[in-house]
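Trainee: My structure is below; once you've seen it, I'll send some questions.
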């Protein structure tokens, strides 16, 4: 397995992974919006097996103090092989002085992140995005 920064020809494969994983909102369903999302993010990684995109992670960070993991997905046939763990660790890097947050709102993902050192927060607040008419 290889993990590296996503390249524009791989955008569509990553988008399809997200759609298959239930990310059916306008940010992912619209190709143009998805491309902008990736281009404006500080970290977008893919996991490749035999040249095929089987995992994707996206994060926003200042690289010094704070980071936000926004999207992580692994193709169903490749789950439980450490790909998601490798993606999350790679996107966070090795600086333990950065506070990372995420929205673990998808069913069944809290346990995955807890194994990586995440804990429920007592201090985070959220202003949810408006519902897109196409969502």
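Trainee: Filter segment 34-59 down to residues that are loosely packed, with under 15 Cβ neighbours inside 10 Å and not in a helix (DSSP H, G or I) and give me whichever is nearest to the chain's Cα centre (by Cα). Write out each step before concluding.
Mentor: First pass over segment 34-59, keeping only residues loosely packed, with under 15 Cβ neighbours inside 10 Å: 35-36, 39-40, 42, 50-52.
Add one more test, that the residue is not in a helix (DSSP H, G or I), and what stays is 40, 42, 50-52.
Numbers: 40: 14, 42: 12, 50: 21, 51: 19, 52: 17 Å.
Taking the candidates together, the pick is 42.
Trainee: Ok, one more. Among the residues of segment 84-109, which ones are touching a helix residue (DSSP H, G or I) at 6+ places or on another chain (Cβ under 8 Å) and not in a helix (DSSP H, G or I)?
Mentor: Result: 98, 100, 102, 104.
Trainee: Do we have residue 81 as in contact with a helix residue (DSSP H, G or I) (Cβ under 8 Å, 6 or more places away or on another chain) and either farther than 21 Å from residue 130 by Cα or not in a helix (DSSP H, G or I) (or both) here?
Mentor: Here the answer is no, as residue 81 does not meet what is asked.
Okay, residues lined up against (1) modelled with pLDDT under 90; (2) surrounded by 17 or more Cβ atoms within 10 Å (Cβ to Cβ):
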{"site": "71", "(1), (2)": "no, yes"}
{"site": "79", "(1), (2)": "no, no"}
{"site": "94", "(1), (2)": "no, no"}
{"site": "97", "(1), (2)": "no, no"}
{"site": "115", "(1), (2)": "yes, no"}
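Trainee: Considering only segment 6-57, how many residues are touching a residue at least 24 places away in the same chain (Cβ under 8 Å) and in contact with a strand residue (DSSP E or B) (Cβ under 6 Å, 6 or more places away or on another chain)?
Mentor: 20
The values are calculated or read from the model by the stated rules, or taken from the named source; none is laboratory data. Note that this is a predicted model, so its numbers are computed, not measured. Glycine also receives a Cβ, built like all others from the backbone with ideal geometry; neighbour counts cover every protein chain displayed.
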